[in-house]
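> Would you mind keeping the following structure in view while I ask a few things?
The values are calculated or read from the model by the stated rules, or taken from the named source; none is laboratory data. No experiment lies behind these values; they were computed from the predicted model shown. Positions of Cβ are generated from backbone atoms using ideal geometry, with glycine treated the same way; all protein chains shown enter the neighbour counts.
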Ligand code: KG4
Ligand code: ZN
């Protein structure tokens, strides 16, 4: 079954072709980072307009990359939520129009389910059940995954998402949006031990997160440095390192706690922040000591992309699931509301 996937929930237009027999055939991405950079964050209306411009050319690009004709497509999957409502509506409308024209089914995919399943695109992928840490710009969640659509939220952020905290800390240091990769880059030149930031909520039981205190601590440290003199490049690197270490340590502690609680040994990390090298290294080290394993998507599939939507949609379309033509987009959409996957003919 050949599925076209469209991702337009935020500031990336992602399009991909996934075949349930042959795997990922093609994927193309346009990042709007340059459009939003001067505003220090995503401007929803500009995002929607650019998705309108980019989606169809990217569809043509993936068809050319895969060397196939639109007539070969068996279904269209698109991100139906969560995300920016205008941006979601562009993808949903285009996907439904294409599917209608081609006479094939269309299905709205949950963006975080896309992230969660992205490691399945790799040759070496995890087996169910596992614990997933979803860390993106909008979400920080620990989820028990027993199969597609069988999700139980174990813990989540009570305030900012981890990616959002990276973005805000970066802004305090005068770094461009999105800030995560910039913080990670500066942290490499940081002086270990100059600053130690608090690890939020690690001493409390449970699996929830909170990053707003860490944000305030970062702001105060920046202010203290500024009081002495202008913030130097080395100050920025040292603050970036202390911030990254605190976020990573917190995430590692909670992941280990979640695995212990669920008596599982497999962890999946996904979402934009899972591209962070320190997080990957420290999770791999911590888990290998305990006989566990960590899986993550290829770096290009950590942040938003069409491949994860094509994959998730393909699994559900293959099982016979489809939406009504007038299916709305869901800017807010709890992942636990997703139906479990029931194979065609089963039950
Ligand atoms: O999943 P994603 O592309 O979009 C959302 O669905 O939100 O995640 C984007 C987030 C941004 O907050 C960005 O700063 C963060 O992921 N990010 C990183 C890194 N690369 C991207 N955070 C830390 N380290 C990175 N290397
Ligand atoms: Zn995302």
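> Of all residues being surrounded by 22 or more Cβ atoms within 10 Å (Cβ to Cβ) and over 16 Å from residue 99 (Cβ atoms) in the stretch 13-25, which is farthest from ligand 2 (Cβ to nearest atom)? Just the residue, please.
13
> Here is a further query. Exactly one of (1) modelled with pLDDT of 95 or more; (2) surrounded by 18 or more Cβ atoms within 10 Å (Cβ to Cβ); (3) closer than 20 Å to residue 135 by Cβ is unmet by residue 335. Its number?
Going through the list (1) modelled with pLDDT of 95 or more; (2) surrounded by 18 or more Cβ atoms within 10 Å (Cβ to Cβ); (3) closer than 20 Å to residue 135 by Cβ, residue 335 breaks only (1).
> If a residue must be surrounded by 12 or more Cβ atoms within 10 Å (Cβ to Cβ) and assigned to a loop (DSSP other than H, G, I, E, B), how many such residues does the stretch 289-332 contain?
So the answer is 18.
> Which of the residues spanning the stretch 164-191 are more than 10 Å from ligand 1 (Cβ to nearest atom) and within 24 Å of residue 256 (Cα to Cα)?
none
Matching residues to (1) under 18 Å from the mean Cα position of the chain (by Cα); (2) within 16 Å of ligand 2 (Cβ to nearest atom); (3) surrounded by 23 or more Cβ atoms within 10 Å (Cβ to Cβ):
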| residue | (1), (2), (3) |
| --- | --- |
| 150 | no, no, no |
| 167 | yes, yes, yes |
| 176 | no, no, no |
| 182 | yes, no, no |
| 207 | no, no, no |
| 215 | no, no, no |
| 234 | no, no, no |
| 237 | no, no, no |
| 251 | yes, no, yes |
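> Going through the stretch 37-70 one residue at a time, which ones are farther than 23 Å from residue 311 by Cβ and either modelled with pLDDT under 95 or surrounded by fewer than 13 Cβ atoms within 10 Å (Cβ to Cβ) (or both)?
Hits for the stretch 37-70 are 37, 38, 39, 40, 41, 42, 45, 53.
> Against the conditions (1) surrounded by fewer than 22 Cβ atoms within 10 Å (Cβ to Cβ); (2) on the phi < 0 side of the Ramachandran plot; (3) within 27 Å of the chain's Cα centre (by Cα), where does residue 226 fall short? Just the number, please.
In the conditions (1) surrounded by fewer than 22 Cβ atoms within 10 Å (Cβ to Cβ); (2) on the phi < 0 side of the Ramachandran plot; (3) within 27 Å of the chain's Cα centre (by Cα), residue 226 misses (3) alone.
> Limited to the stretch 335-345, what total is found for residues that are touching a strand residue (DSSP E or B) at 6+ places or on another chain (Cβ under 8 Å) and either within 16 Å of ligand 1 (Cβ to nearest atom) or assigned to a loop (DSSP other than H, G, I, E, B) (or both)?
So the count comes out to 4.
> More than 15 Å from residue 77 (Cβ to Cβ) and either surrounded by fewer than 17 Cβ atoms within 10 Å (Cβ to Cβ) or within 16 Å of ligand 2 (Cβ to nearest atom) (or both): is that true of residue 246 in this structure?
Here the answer is no, as residue 246 does not meet what is asked.
> A further question follows. Since residue 113 meets every condition but one in (1) within 15 Å of ligand 2 (Cβ to nearest atom); (2) in contact with a strand residue (DSSP E or B) (Cβ under 7 Å, 6 or more places away or on another chain), which condition does it not meet?
Unmet for residue 113, out of (1) within 15 Å of ligand 2 (Cβ to nearest atom); (2) in contact with a strand residue (DSSP E or B) (Cβ under 7 Å, 6 or more places away or on another chain): (2).
> Among the residues in the stretch 98-106, are any in a helix (DSSP H, G or I), over 14 Å from residue 3 (Cβ atoms) and out of contact with any helix residue (DSSP H, G or I) (no Cβ under 6 Å at 6 or more places or on another chain)?
Yes - at least one qualifying residue is present in the stretch 98-106.
> Please find, within the stretch 84-106, the residue that is nearest to ligand 2 (Cβ to nearest atom) out of those that are farther than 30 Å from residue 41 by Cβ and in contact with a strand residue (DSSP E or B) (Cβ under 6 Å, 6 or more places away or on another chain).
Selected residue: 106.
> Within the stretch 253-274, can you find the residues that are within 16 Å of ligand 2 (Cβ to nearest atom) and part of a helix (DSSP H, G or I)?
Answer for the stretch 253-274, where residues must be within 16 Å of ligand 2 (Cβ to nearest atom) and part of a helix (DSSP H, G or I): 272, 273, 274.
> Could you check how many residues of the stretch 53-78 are assigned to a helix (DSSP H, G or I) and in contact (Cβ under 8 Å) with a residue 40 or more places away in the chain?
10
> Then there is this: If you take the residues in the stretch 113-141 that are away from ligand 1 (no atom under 16 Å from the Cβ) and in a strand (DSSP E or B), which one is surrounded by the most Cβ atoms within 10 Å (Cβ to Cβ)?
131
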